[in-house]
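The values are calculated or read from the model by the stated rules, or taken from the named source; none is laboratory data. Since we're looking at a predicted model, the values are computed, not measured. Here the Cβ positions follow ideal geometry from the backbone for every residue, glycine too, while neighbour counts run over all protein chains shown. Just so you know, the surface numbers come from the protein's heavy atoms only, side chains and all, with ligands and any DNA or RNA stripped out. Shrake-Rupley method; radii C 1.70, N 1.55, O 1.52, S 1.80 Å.
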Amino acid sequence: MLDFVNEIKGPAIRMAKLYIAQAVMTATYIYSLSCVGERLAMTMREDLFASILRQDVAFYDAHKSGEIMSRLTTDIQEFKSSFKQVISMGLRSMAQTVGSTISLYMISPEMTGATLLVLPAVIGVGTFLGAYLRSMSKEAQKQTAKASGVADECVSNIRTVRAFAMEDEEVLRYKNELDAARSLNERLGMGIGLFQGGVNLFLNGVVLGTLYYGGYLLSNQQVTPGDLMSFLVATQTIQRSLGQMSLLFGQMIKGMSAGGRVLEYTSMKPSIPMKGGDTIPFHSLFGDIEFKNVDFR
């Protein structure tokens, strides 16, 4: 018993050191990601708020206050959450995919080449579908903000609504806007679901193709049974990693759409600048103002 304790003591201490290092690095990684996300969101809020205040009065006539506040709060929060989740899980899945792909090539370059033949087509389809889903997500978020604007306008002017007995009409108006937002979000969910289902079908097809082609190479004694098993294990690792990345795809789409909506307001330039312009000389500035036939109603 004493000999066993002495033999296991060294490996156990080394494993404990590795576990402690992993815990410290995990805590540091999560804290750093949180700091980056919060500071990015704070900078976006500051820039967006400053840009909103620089806009012309006509901008506030064309956009409801609820819609503006939705971009300042909901859209930035959506972007921040997506940023943290995509970076955190995406880097991990990417590292697993790259490492497993290298292992696949080392085990059997023939099977790896056959597996990667269909990759360009999948990337092309994913890029096209991603652009379509981003536009759909942007429309859904725009409609949600519009519904929020209707509610905010009603609550802010509740005395006027109550004076004209328009409660039922405002409820119906808000319901219609919510129904339109629900429809758009359901269509977006269906698109994301079809994408993730297609990814799973592709990954399962890769496994079946590996079994078929690997069996052919095994029958010709070009690979060993151990190499085939190792290749399948590495393929399943890639399958799980890509499956996680496909789940992140929907979150990434929403985050990119929210960020695009924020940048739309941030990059907007007012037609009348707040500073600069012509200066009227003091000797030609007079306060002789007359009002004639002025009515008010």
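A few points about this structure:
- Residue match in region 140-159 (condition: within 16 Å of the chain's Cα centre (by Cα) and either of a type in the set (D, E, K, R) or over 18 Å from Gly260 (Cα atoms) (or both)): yes
- Leading residue by the ranking (least open to solvent (accessible area, probe 1.4 Å)) among those in region 265-297 that are in a helix (DSSP H, G or I), free of Cβ contacts under 8 Å to residues at least 24 places away in the same chain and not hydrophobic (A, V, I, L, M, F, W, C): Ser284
- In region 54-67, the condition of being within 22 Å of the chain's Cα centre (by Cα), in a helix (DSSP H, G or I), in contact (Cβ under 8 Å) with a residue 24 or more places away in the chain and within 30 Å of Tyr174 (Cβ to Cβ) is met by at least one residue.
- Per the conditions (1) more than 30 Å from Thr237 (Cα to Cα); (2) open to solvent by less than 70 Å² (accessible area, probe 1.4 Å); (3) in contact (Cβ under 8 Å) with a residue 24 or more places away in the chain, the sole criterion not satisfied by Gly90 is (1).
- Neighbours by Cβ (under 8 Å, 6+ apart or cross-chain): first from region 97-110, among the polar types (S, T, N, Q); second not in a helix (DSSP H, G or I): Ser108/Val223
Per-residue answers, yes or no, for (1) closer than 22 Å to Leu72 by Cβ; (2) at pLDDT 80 or above; (3) touching a Lys or Arg at 6+ places or on another chain (Cβ under 6 Å):
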{"residue": "Ser100", "(1), (2), (3)": "no, no, no"}
{"residue": "Ser108", "(1), (2), (3)": "no, no, no"}
{"residue": "Phe128", "(1), (2), (3)": "no, no, no"}
{"residue": "Ser156", "(1), (2), (3)": "yes, yes, no"}
{"residue": "Glu169", "(1), (2), (3)": "no, yes, no"}
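- Selected residue (criterion: farthest from Met252 (Cα to Cα)) from residues of region 206-222 that are assigned to a helix (DSSP H, G or I) and open to solvent by 40 Å² or more (accessible area, probe 1.4 Å): Ser219
- Of all the numbered requirements in (1) crowded, with 20+ Cβ neighbours inside 10 Å; (2) of a type in the set (S, T, N, Q); (3) over 33 Å from the mean Cα position of the chain (by Cα), Ser230 misses one, and that requirement is (1).
- Meets criteria (at pLDDT below 80, hydroxyl-bearing (Ser, Thr, Tyr), assigned to a helix (DSSP H, G or I) and in contact with a helix residue (DSSP H, G or I) (Cβ under 9 Å, 6 or more places away or on another chain)) for Ser88: yes
- Among the residues of region 199-213, at least one is of a type in the set (S, T, N, Q) and farther than 30 Å from Leu133 by Cα.
- Restricting Gly255, Gly226 to those that are part of a helix (DSSP H, G or I), touching a residue at least 60 places away in the same chain (Cβ under 8 Å) and not polar (S, T, N, Q) reduces the list to Gly255.
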